[in-house]
Structures are given as C-alpha cells and as structure tokens.
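Trainee: The structure that follows is given in the form of structure tokens.
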Amino acid sequence: MTDHPDFSSELFLEESRRRLLATVEANAEVATAATAATEHAVVAARYAGITWDDIGERLGTTRQGAWKRFHKHVTFDTHVRDAARYPRRRRPAPSGGEQA
C-alpha cells in the first residue's frame, strides 16, 4: 500500500508556498524580458516608419494606446515620418522645368 503525503502538514504547505513564490518570481522575470523586447521592437518599427496605427493593431490596442505606452522609448519620433501616411515626396522641378 502506498502512503500519500499529508497535504495538510505544515511542511507540505511550506514547500508548496516556496514553489509558488518561485513560480511567481520566474514569471515576473519573463514578463520583464518580454516587455523590454516589445519596447525594442516598437522603437525599431517606428524607426522603419511603421505607423502607430499598425503598431497598435498588432498589440491589440489603438494608435493612441500604443503611443501612450511606448512613445517615451521612441526619442527620435519627431524626425520619423509614418511611411504609409507620408511617402517620400519628390522635390519640385527647378523653375526651368528640368527634373533634378
């Protein structure tokens, strides 16, 4: 006959608490790493000219939600144009009608 552990014993409960806290800690570390990776990906996406609309959509939020969460990490954003909304425009032709 197999003996089953005494699930109500203080030793069993203490071990269970220790393992649960270790799991919480490990999951927090994973969440922190995932957050940092997402921040880096958003910065790279903005640098590539991807719109806040597209980023928000991929994150399951709105453009405003994505901007609010990540804009502080995108320090160069004022110099980046949204590629989809603002394609590069050709320079106007010189006054003589010739293309530059």
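The values are calculated or read from the model by the stated rules, or taken from the named source; none is laboratory data. Quick caveat, the model's predicted, so the values are computed rather than measured. Quick reminder, even Gly has a Cβ in these numbers, built from the backbone with ideal geometry, and neighbours come from all protein chains shown.
Trainee: Conditions first: (1) modelled with pLDDT of 95 or more; (2) surrounded by 10 or more Cβ atoms within 10 Å (Cβ to Cβ). GLY60 passes all but one, so which condition is the exception?
Mentor: (2)
Trainee: Identify, please: which residue in region 63-100 is among the β-branched types (Val, Ile, Thr) and either modelled with pLDDT of 75 or more or assigned to a helix (DSSP H, G or I) (or both) and is, among those, surrounded by the most Cβ atoms within 10 Å (Cβ to Cβ)?
Mentor: Just the residues of region 63-100 that are among the β-branched types (Val, Ile, Thr), to begin with: 74-75, 78, 80.
When the remaining residues are screened for being either modelled with pLDDT of 75 or more or assigned to a helix (DSSP H, G or I) (or both), the result is 74-75, 78.
On the way: VAL74: 19, THR75: 9, THR78: 6.
Restricting to residues being among the β-branched types (Val, Ile, Thr) and either modelled with pLDDT of 75 or more or assigned to a helix (DSSP H, G or I) (or both), the top hit is VAL74.
Trainee: Another question, if that's okay. Does GLU25 fit the bill of being modelled with pLDDT under 95 and of a type in the set (D, E, K, R)?
Mentor: Spelling it out, it is not the case that GLU25 is modelled with pLDDT under 95 and of a type in the set (D, E, K, R).
Trainee: What number of residues in region 35-51 are assigned to a loop (DSSP other than H, G, I, E, B) and either under 13 Å from TRP67 (Cα atoms) or under 10 Å from the mean Cα position of the chain (by Cα) (or both)?
Mentor: Within region 35-51, the first condition is being assigned to a loop (DSSP other than H, G, I, E, B), and the residues that meet it are 48-51.
Within this subset, residues satisfying the condition of being either under 13 Å from TRP67 (Cα atoms) or under 10 Å from the mean Cα position of the chain (by Cα) (or both) are 50-51.
Residues meeting the conditions: 2.
Trainee: If you go through region 1-34 one residue at a time, how many are more than 26 Å from the chain's Cα centre (by Cα), part of a helix (DSSP H, G or I) and hydroxyl-bearing (Ser, Thr, Tyr)?
Mentor: 1
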